[in-house]
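The values are calculated or read from the model by the stated rules, or taken from the named source; none is laboratory data. As the structure is a computational prediction, the values presented were derived from the model and not from experiment. Using ideal geometry, Cβ is built from the backbone for each residue, glycine included, and neighbour counts are taken over all protein chains shown.
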Amino acid sequence: MNTIITLINPGETKEEDEKKQVFAQVKSAGCNEVAATGQLNMKAKYIFIVWVNEYSQETEVLYKGERLTVYRTYELTAKGKIELHTSERAGNI
């Protein structure tokens, strides 16, 4: 599924957050991904695929009103895209 997500570089306060909207392909995290992150007391949620040139090391993603943490990236070099693996944020505020 393709949608618009918001990439976030958190500031000291929510007002200071740097936000950028980009198009992304959305996939649910697979069973293996959920199991692996569960061992780290995290809960994998989604994998977002965006263009490499639109991603600037943002550490959070806003999707469907939920703020998620980017815990891993994987560059799809041949396609010019990057996967952003996200999980629920601790304290999810």
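Within the group Val22, Val50, which residue is under 17 Å from Met1 (Cβ atoms), of a type in the set (A, V, I, L, M, F, W, C), touching a helix residue (DSSP H, G or I) at 6+ places or on another chain (Cβ under 7 Å) and modelled with pLDDT of 95 or more? So the residue among Val22, Val50 that is under 17 Å from Met1 (Cβ atoms), of a type in the set (A, V, I, L, M, F, W, C), touching a helix residue (DSSP H, G or I) at 6+ places or on another chain (Cβ under 7 Å) and modelled with pLDDT of 95 or more is Val22. Considering each residue of region 2-9 in turn, at least one proves to be modelled with pLDDT of 90 or more, hydroxyl-bearing (Ser, Thr, Tyr) and under 16 Å from Lys81 (Cβ atoms).
Looking only at region 71-93, which residues are of a type in the set (A, V, I, L, M, F, W, C) and either at pLDDT below 95 or farther than 16 Å from Asn9 by Cα (or both)?
We begin by selecting, within region 71-93, every residue of a type in the set (A, V, I, L, M, F, W, C); these are 76, 78, 82, 84, 90, 93.
The answer is Leu76, Ala78, Ile82, Ala90, Ile93.
In region 41-70, which residues are over 19 Å from Gly11 (Cα atoms) and in contact with a Ser or Thr (Cβ under 8 Å, 6 or more places away or on another chain)? Walk me through it before giving the result.
Of all residues in region 41-70, those over 19 Å from Gly11 (Cα atoms) come to 41-54, 64.
Result: Met42, Lys43, Ala44, Lys45, Tyr46, Ile47, Phe48.
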